[in-house]
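What follows is a set of notes on a single structure, which appears directly below.
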Amino acid sequence: MKKQFCKTIVAMGLLASQSLYAQDVMTKTYPTIPGSENTVKVSGISKFDVDKVYEPSAAAKANDPMATDATVEKGFTRTIGQIHAAYEHLNPEWFPQPYWENAQFYYMNDEDSQGLHKNSPTFLQTEINKMSSDKEYRITYAHDQYKGAKKTGWLVPRGYTTIMANFAHFLADPFAYQTVVELIDAHQLVVDRQKGYYEGMHLPGSDNSNVIYKKSGFNQELGRMQFTKGQWAKMQDEADLFCIGVLYQKVPFKVLEDAMKVKLLQYRHKGKTDWWKATYLRQIEVAWPLFDNHPGNTKSGDYEKMLEDYNGLMAQRDAVYEAGKVASQNAIKLDKTVQKDAAFKNKVLAMGKQKLPNEVIEDVVFFNADWELFKSQEWPYPVTQRSQMVGFIFKKNGTYMIDRYNLIQYREGNINSNVFDSGTLARPMGINGPAKVEYPKK
């Protein structure tokens, strides 16, 4: 059963008629790693008034071509210019200033910004989708460059700046259902990072923001990390907490309800593939407690219908996530397999049928031409066991899958014996289940 994660939000001194000022403190407790707890205390929030419609400064007008744009986009309540003007007043501990020199942290309404914030989070979602729905793993991932920066550009972890851009967009126009949808998207990625579904910046020296990363095999500087791993996590956790405080204290429930309806509709009408269905369902699952616990939720009106819809989706949860996992995988190629004699193949097939009794195995493939030998550390160093990797191929939900195991045989008899037992199957380290495979072999 999936672990439940404790999450408590305490907002002190936040009344609906007040602005959110630096004396306000919010505390959130959650286990960053199952079995341990980490407490985040947010203070020094800065004098940002979510109710105020800001005007652009002279510096913003000189550096941001959209600073005075009077367009109100669909789903928003403020103009592009007003939203950009609010960026200037956000807490610089979370949102680097000036915003026009740190454009990757914001929605700038230009082509570069739209491309970055549309594409980068898909990497995180794919890594999350790959995880089994009942397990928590940690994975590493690469780093993106903003606007093609090379030697002098800052490197940013894929998707991380989009999380911050979503928070900034929400705070700049908190009464718009579109920015609440973006808040939900960012909140899901933060929560799943806290659960350990993905973790970035495992490159050597990655806790040092001054490190220069070089492409593997080349003496080419890629740039520097703008923040350390701990700083990135702190920014996300605190901004997430603050935005939820705003959502509960300032945003009318109807706006959140509209955003939740958008998420439910996205699953129903835009979830055309298993990847998108899994992604939307994760967002819905994480957003539901925010929706259900909002102070303005009277559990009336459309609530019962939405609850029924939500429960129906969650009944399919494990199947949807499993299909999303398969859809997010790159198919394993079988271009490095070897042939074995029929008798040995049939023996391994029989073992596979016992190991996978619910699957119809169509083929067995072998990845080693010979046994890998393991010897005793004591002289005369006799062989104690041997192993080779095998794979069982079967079809699941119309997709060919391969489940890989090490066939391990232990020596029987004295140190001079060349006789081994019939063997056992054990999954190799790093392989946690079946994977998509190119089959028939291409």
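The values are calculated or read from the model by the stated rules, or taken from the named source; none is laboratory data. Remember, predicted model here, so these are calculated numbers, not experimental data. Every residue, glycine as well, gets a Cβ built from its backbone with ideal geometry; the counts of neighbours run over all protein chains shown. Just so you know, the surface numbers come from the protein's heavy atoms only, side chains and all, with ligands and any DNA or RNA stripped out. Shrake-Rupley method; radii C 1.70, N 1.55, O 1.52, S 1.80 Å.
Structure notes:
- The residues on offer are Asp318, Asp292, Asp258, and the sole one that is within 18 Å of the chain's Cα centre (by Cα) and over 30 Å from Pro96 (Cα atoms) is Asp318.
- If the condition is being of a type outside the set (Phe, Trp, Tyr), within 22 Å of Ala165 (Cβ to Cβ) and assigned to a loop (DSSP other than H, G, I, E, B), then region 226-276 contributes Gln226, Thr228, Lys250, Val251.
- Conditions (1) more than 23 Å from the chain's Cα centre (by Cα); (2) closer than 21 Å to Arg317 by Cα: number failed by Gln249: (2)
- If the condition is being under 14 Å from Asn293 (Cα atoms) and small (Gly, Ala, Ser), then region 245-262 contributes only Gly245.
- Count of region 269-291 residues, restricted to those that are over 19 Å from Asn129 (Cβ atoms) and either in contact with a strand residue (DSSP E or B) (Cβ under 9 Å, 6 or more places away or on another chain) or at pLDDT below 95 (or both), is 3.
- Flag for Met306 being part of a helix (DSSP H, G or I), closer than 30 Å to Gln329 by Cα and out of contact with any Gly (no Cβ under 7 Å at 6 or more places or on another chain): no
- Residues located in region 61-72, provided they are open to solvent by 70 Å² or more (accessible area, probe 1.4 Å) and not β-branched (Val, Ile, Thr): Lys61, Ala62, Asn63, Pro65, Ala70
- Any hit, region 371-378, residues being over 30 Å from Ala319 (Cβ atoms) and hydroxyl-bearing (Ser, Thr, Tyr): yes
- Count of region 248-257 residues which are among the aromatic types (Phe, Trp, Tyr) and either modelled with pLDDT under 90 or touching a helix residue (DSSP H, G or I) at 6+ places or on another chain (Cβ under 7 Å) (or both): 1
- Going through (1) assigned to a strand (DSSP E or B); (2) open to solvent by 90 Å² or more (accessible area, probe 1.4 Å); (3) under 25 Å from Thr126 (Cα atoms) one by one, Glu362 falls short only on (3).
- Residues within region 98-119 that are loosely packed, with under 15 Cβ neighbours inside 10 Å and of a type in the set (Gly, Ala, Ser), tallied: 1
- Among residues of region 86-97, those that are in contact with a helix residue (DSSP H, G or I) (Cβ under 7 Å, 6 or more places away or on another chain) and open to solvent by less than 40 Å² (accessible area, probe 1.4 Å), counted: 6
- Tabulated pairs, region 345-366, first over 13 Å from Ser422 (Cβ atoms), second open to solvent by 90 Å² or more (accessible area, probe 1.4 Å), C-beta under 7 angstrom, 6+ apart or interchain: Ile361/Lys353; Glu362/Lys395
- Val262 vs. criteria among the β-branched types (Val, Ile, Thr) and either under 16 Å from Gln178 (Cβ atoms) or open to solvent by 60 Å² or more (accessible area, probe 1.4 Å) (or both): yes
Yes or no, residue by residue, for (1) open to solvent by less than 10 Å² (accessible area, probe 1.4 Å); (2) touching a Phe, Trp or Tyr at 6+ places or on another chain (Cβ under 9 Å); (3) among the charged types (D, E, K, R); (4) at pLDDT below 75:
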{"site": "Gly200", "(1), (2), (3), (4)": "yes, yes, no, yes"}
{"site": "Gly205", "(1), (2), (3), (4)": "no, yes, no, yes"}
{"site": "Val211", "(1), (2), (3), (4)": "no, no, no, yes"}
{"site": "Gly217", "(1), (2), (3), (4)": "no, no, no, yes"}
{"site": "Thr228", "(1), (2), (3), (4)": "no, no, no, no"}
{"site": "Trp232", "(1), (2), (3), (4)": "yes, yes, no, no"}
{"site": "Gln236", "(1), (2), (3), (4)": "yes, yes, no, no"}
{"site": "Phe242", "(1), (2), (3), (4)": "yes, yes, no, no"}
{"site": "Val246", "(1), (2), (3), (4)": "yes, yes, no, no"}
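- Just one of (1) at pLDDT below 90; (2) closer than 21 Å to Gln194 by Cβ; (3) under 22 Å from the mean Cα position of the chain (by Cα) fails for Gln125. It is (1).
- Inter-residue pairs, beta-carbon under 8 Å, first hydroxyl-bearing (Ser, Thr, Tyr) and modelled with pLDDT under 95 and in region 44-73, second part of a loop (DSSP other than H, G, I, E, B) and open to solvent by less than 70 Å² (accessible area, probe 1.4 Å), 6+ apart: Ser46/Ala22; Ser46/Leu90; Ser46/Asn91
Yes/no per residue for (1) within 30 Å of Leu425 (Cα to Cα); (2) open to solvent by less than 30 Å² (accessible area, probe 1.4 Å):
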site	(1), (2)
Val286	no, yes
Phe291	no, yes
His294	no, yes
Leu307	no, no
Val320	yes, yes
Val326	yes, yes
Thr337	yes, no
Ala343	yes, no
Lys347	yes, no
